[in-house]
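The values are calculated or read from the model by the stated rules, or taken from the named source; none is laboratory data. Owing to the predicted nature of the structure, the values given are computational and were not obtained by experimental measurement. All Cβ positions, glycine included, derive from the backbone under ideal geometry; neighbour counts span all protein chains shown. Accessible surface is based on the protein model in full, side chains and every heavy atom, while ligands, DNA and RNA are left aside. Shrake-Rupley method; radii C 1.70, N 1.55, O 1.52, S 1.80 Å.
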Amino acid sequence: MLIRVLGSAAGGGFPQWNCGCPNCRGLREGRVAARARTQECVAVSADGAAWLLLNCSPEIRQQIEDFPGLHPRGSRDSPIAAILLTNGDLDHCLGLLSLRESHPLVVYATEAVRRGFVEDNVLYRTLERFPDQVTWRTLKLGGEEEIVGPDGRASGLTVLPLAVPGKPPIHLEHRGARVAEDNIGVRILERATGRLLAYCSAAAAVTDEMLRVLDGADAVFFDGTFWSSDELPALGLGSKRAEEMAHVPVGGAAGSLARLTHLRTGRRVYIHINNTNPMLREDSAERAQVAAAGWDIAWDGMEMTL
Ligand SMILES: [Zn+2]
Ligand SMILES: [Zn+2]
């Protein structure tokens, strides 16, 4: 299984356009040891020819250009077989609207995420210019789905959606009700080799069920948004704690680093990293702590073969 990280940052990217936090300012001024990152998107392939995108960030156009594996092979073509949305946050799905140039798209999402994107969304009409411009395939918790491209060709990948605590996107929070299908993780199986990637880029908590499902994967990608619960308030950047934004912090006694210590997994990678997170700085104590525990911090352009 081939994995290529196209974007590794949380919503806003790094640096974020309106952010003057120490990380963003330091990066712009060349004073911190860190690299810029675009918003989260990961490409996965069994054969290097057909790719599954995990999420579709607002920076998708540049992310495709930056990776030759996704360049067209003919006058109108894309190696993107399908796109899978793990939730309806705009940093995960806004890029779909940028892929509007009359090309058939296959999108895997839960019914809650699909409805959140298409209902009452006048801009979605740009993806309804011809029949079957977008083929939605419904993900159900615990139900395996084979990833098949618009041409009907199997990609060799099967996904198993997992219940992961989360929330609906901010623009739908006024509707009130939360459902389990607002946010999922996925276990991706390469059928020919049995290789397994567990992908969970947003998680409000680490449940025992998640621990069971993540265990034994050849690689785990996990939510690295915030280092601490009070990261934003402590920087004067609002009042919300990490958990209120549906992200379990990395550090601390109840953080994911501690909770995931005993996972048996080949590679472990934090992704979806917010620009405020101190572990983005390569010389920080927080970075040393995650590295000592065997974790990598995803970067744009990171590649992995399982
Ligand atoms: Zn996000
Ligand atoms: Zn910042």
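Tabulated results
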item	result
Value of [θ]222 nm, deg cm²/dmol, for the chain, DSSP H segments ≥ 4, -39500 (n - 2.57) each, nearest 500	-3500 deg cm²/dmol
Charge dipole magnitude, Cβ of K and R +1, D and E -1 - region 171-298, Cα centre, debye nearest 20	280 debye
In order through region 127-139: 3J(HN,Hα) via Karplus (6.51 cos²θ - 1.76 cosθ + 1.60), integer Hz, x for Gly, Pro	9, 10, 7, 9, x, 6, 4, 10, 9, 8, 10, 7, 8
FRET E, pair ALA258, ARG212, Förster distance 22 Å, beta-carbon r, rounded to 0.05	0.80
For ASN275, residues with placed amide H under 5 Å, excluding near neighbours	ALA10
Accessible area in square angstrom per residue, region 150-228, 1.4 angstrom probe	40 Å²
Intensity falloff of region 190-296 expressed as log10 I(q)/I(0), Debye formula with alpha-carbon point scatterers, at q = 0.17, 0.19, 0.21 Å⁻¹	-0.76, -0.92, -1.10
Radius 13 Å from Cβ of ASP218, net charge of other residues (Lys, Arg +1; Asp, Glu -1)	+3
Hull shadow area, averaged, region 118-163 [alpha-carbon convex hull, nm²]	4.4 nm²
Radius 14 Å from Cβ of LEU123, net charge of other residues (Lys, Arg +1; Asp, Glu -1)	0
Antiparallel DSSP beta bridges within the chain, percent to nearest 5	55 percent
Isotropic mean projected area of the C-alpha convex hull, region 68-179 (nm²)	7.9 nm²
Amide hydrogen neighbours beyond the local backbone of GLY166, cut-off 5 Å, H modeled	ALA204
Sulfur and carbon atoms: percent of accessible area, the chain [1.4 Å]	50 percent
Over the chain: Kirkwood hydrodynamic radius from C-alpha pairwise inverse distances, Å	19.4 Å
Phi to ³J(HN,Hα) by Karplus 6.51 cos²θ - 1.76 cosθ + 1.60 over region 171-178, Hz, x for Gly, Pro	6, 10, 4, 5, 6, x, 4, 9
All-pairs Cα distance distribution in region 159-232, expressed in whole percent, bin size 10 Å	18, 43, 29, 9, 1
Whole-Å distance, taken between Cα centres, linking region 17-82 and region 215-275	21 Å
